[in-house]
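To start, the structure under review is shown below, and the notes come after it.
The values are calculated or read from the model by the stated rules, or taken from the named source; none is laboratory data. Here the structure is a predicted model, which means the values were calculated and not measured. Virtual Cβ from ideal backbone geometry, glycine too; neighbours counted across all protein chains shown. Ligands, DNA and RNA are excluded from the accessible area calculation, which covers all protein heavy atoms including side chains. Shrake-Rupley method; radii C 1.70, N 1.55, O 1.52, S 1.80 Å.
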Amino acid sequence: MKIYKPNRKGFINYLLIGSVILPIAIFFMDKSTFSEKPFILLPLLSPLISIFWIYFDTSYKIENNELIYRSGFLRGKIGIPNIKEIMKGKTMWSGIKPALARNGLIIKFNKFDEIYIAPENNDELISDLIKLNSQIKITE
């Protein structure tokens, strides 16, 4: 079993920083409201918790001839023999995206299924998948 860390570059970092700063800024703008009613911060904290969960829970691993992905509530397995093509350095803008960055991998499997992942090192993941299924077509 080998675990691949996600690429954490780009927009996700700005989203994370902004979601941390917003509740703090609102708190300091009107301290009297929050000292009387601290539960007002709850609607701001729930998206923050979701973003942190996705940020720290995203990972990919190869185990039992399957590519296993997880990113917050998105979790699943892809049979490596079912993988038909990997598009390297591309970004998919719709569909299933358990990824945190751009320029990752679009993995096409089964007949019409595809998923976008963004590991730290695309080449390392591709080479490990090729070892298990030499029929995978690589497109750049």
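Within the stretch 99-112, the residues that satisfy the criterion of being at pLDDT 90 or above and either open to solvent by less than 70 Å² (accessible area, probe 1.4 Å) or β-branched (V, I, T) (or both) are G104, L105, I106, I107, K108, F109, N110. When I126, I138, I68 are screened for being surrounded by 16 or more Cβ atoms within 10 Å (Cβ to Cβ), in a strand (DSSP E or B), at pLDDT 90 or above and of a type outside the set (S, T, Y), only I68 passes. Of the listed requirements (1) under 15 Å from Y4 (Cα atoms); (2) not in a strand (DSSP E or B), F52 misses just one: (1). Filtering S19, S94, S50 for residues that are open to solvent by less than 90 Å² (accessible area, probe 1.4 Å), touching a Gly at 6+ places or on another chain (Cβ under 8 Å) and among the small types (G, A, S) leaves a single hit, S50.
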